[in-house]
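Notes to accompany the following structure.
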Amino acid sequence: MGEEIEVQVLEINPDKIQKLLKQLGAKKIFDGKLHSIYYSAPQGEHLRLRNFVTHATLTYKEPISKEDAKVRLEHETKVEFKEMKHILDKLGFEIIKEIKKHRISYELKEFRYDIDTTEDIPPMMEIEAPTEEKLKDAIELVGLTMKDVVAMTGQQVVDHYKKR
């Protein structure tokens, strides 16, 4: 269990961002496909079942706040993807969305930068840090300001591009 504190940068140039992160000494920690299934939960939150190349996770994200950054308490455990999907389906959890994307993740200091490429959405980057104060440092480290970022949920990003 831990807090997830993050923002997104919409419509990035993935090659340019990767080059910058490498120049800054960031370490690539993941490069592969993600398959995520989101289920509704009783209080309006959601469960996310995610299949990585090497493992799968079930995550419950408990909203805390959403001012300048999206802050949620994250409860996550490793699971077997097909079996967990079967259990959630049998228990009657409703699938609210399913996303397949390519993600490249980097770590730099105590920060995480995820570059996502998803069908129908321009490439974007999530920036995550351990505190809201340090999140500003993570943003500035890649030459951006708080004016360049948004604090949106995945569904809000999808809705943003459907309107265009």
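The values are calculated or read from the model by the stated rules, or taken from the named source; none is laboratory data. Source: prediction; values computed, not measured. Every residue, glycine among them, receives a Cβ derived from its backbone with ideal geometry; neighbour counts consider all protein chains shown.
List of remarks:
- Condition check for GLY32: surrounded by fewer than 19 Cβ atoms within 10 Å (Cβ to Cβ), among the small types (Gly, Ala, Ser) and closer than 16 Å to LYS101 by Cβ: yes
- Of the strands (runs of 3 or more DSSP E) lying entirely inside segment 1-82, those carrying at least 3 residues that are charged (D, E, K, R) and in contact (Cβ under 8 Å) with a residue 60 or more places away in the chain are 2-9, 27-40, 70-79.
- Summed over segment 100-136, residues that are modelled with pLDDT under 95, touching a helix residue (DSSP H, G or I) at 6+ places or on another chain (Cβ under 7 Å) and among the β-branched types (Val, Ile, Thr) total 1.
- Within the set GLU76, GLU11, GLU6, the sole residue that is surrounded by 14 or more Cβ atoms within 10 Å (Cβ to Cβ) and closer than 21 Å to TYR161 by Cα turns out to be GLU6.
- Residues considered: GLY154, GLY92. Of these, the only one that is more than 18 Å from LYS22 (Cβ to Cβ), surrounded by 15 or more Cβ atoms within 10 Å (Cβ to Cβ) and of a type in the set (Gly, Ala, Ser) is GLY154.
- The set of residues from segment 95-148 being surrounded by 13 or more Cβ atoms within 10 Å (Cβ to Cβ), farther than 15 Å from VAL7 by Cα and charged (D, E, K, R) comprises LYS97, LYS101, ARG103, GLU107, LYS109.
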